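The values are calculated or read from the model by the stated rules, or taken from the named source; none is laboratory data. All values derive from a computational prediction rather than experimental measurement. In this analysis, Cβ positions are derived from the backbone assuming ideal geometry, glycine residues included, and neighbour counts consider all displayed protein chains.
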Amino acid sequence: MFVLMKKIFRTLFSILILSLIALETNSEEKIVDNNHEFTFYTGLFDHNHAYGNSSLVGFQHQDHDLFRDSLLGKLSPVTGGLITADNAVYMYTGVQAEYSLGPLNFTPSVSPGYYNSGNGRNLGSDFEIKSEIKLSLKLSENNQFGMSYNHISNADTADMNPGIESYTFNFLRKF
């Protein structure tokens, strides 16, 4: 477990260094048309179960042109996927809300998708739903660094529904 945590923190440190290098140095050179946000994340899949946890890496895309203001806040579609060290794969598309609190962004989301357990945990179905909360800090106009916590389960649509919880560290970049 300690070795895994050491690898995760090494990866996070590398992401933080890369994000600091990528920060813009001149505000007059900002790109006006940066409507695509890409999130790269890493963390621990199924962290609540000592026998089944695994490291994960993932990627998510969001198009800011598709933001819509609603009674629930600023909503937009998201699409992404993750893979674990046990070759479990989850690909999803869903919707997220975004709430800005100064330099902090609070982002809850719900994303149904396809899950393949690979050599990892059987979640009872190929159809799973990920619900997530993310808190990120704005580093610059185009960069954020944050942490998220999610739950993936099939919402009792199958006979078996163990569900899993994961936490991830996120680097968000607008292009």
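Taking the range 47-155 and the strands (runs of 3 or more DSSP E) fully enclosed by it, the elements with 1 or more residues that are surrounded by 14 or more Cβ atoms within 10 Å (Cβ to Cβ) are at 54-63, 73-84, 89-101, 104-116, 127-138, 143-153. Picking from residues in the range 123-168 that are more than 22 Å from A88 (Cα to Cα) and small (G, A, S), the one that is modelled with the lowest pLDDT is S140.
Of all the residues in the range 156-175, those that are in contact (Cβ under 8 Å) with a residue 40 or more places away in the chain and either hydroxyl-bearing (S, T, Y) or not in a loop (DSSP other than H, G, I, E, B) (or both) number 11.
Listed here are the residues, each with its yes/no results for (1) touching a Ser or Thr at 6+ places or on another chain (Cβ under 8 Å); (2) under 15 Å from T39 (Cα atoms); (3) of a type outside the set (S, T, N, Q).
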residue: T79; (1), (2), (3): yes, yes, no
residue: I83; (1), (2), (3): no, yes, yes
residue: A88; (1), (2), (3): yes, no, yes
residue: S100; (1), (2), (3): no, no, no
residue: T107; (1), (2), (3): yes, yes, no
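Number of residues in the range 156-175 that are aliphatic (A, V, I, L, M), over 17 Å from V78 (Cα atoms) and surrounded by 14 or more Cβ atoms within 10 Å (Cβ to Cβ): the value is 2.
What's the total number of residues in the range 145-175 that are of a type in the set (D, E, K, R) and touching a helix residue (DSSP H, G or I) at 6+ places or on another chain (Cβ under 8 Å)? Residues that pass the stated criteria total 2.
Contact map, the range 77-97: residues that are under 18 Å from H47 (Cβ atoms) paired with residues that are of a type in the set (S, T, Y) and assigned to a strand (DSSP E or B), Cβ distance under 6 Å, separation 6+ or inter-chain. Pairs shown: L82/Y90; T84/S54; A85/S54; A85/S55; D86/S54; Y90/Y115.
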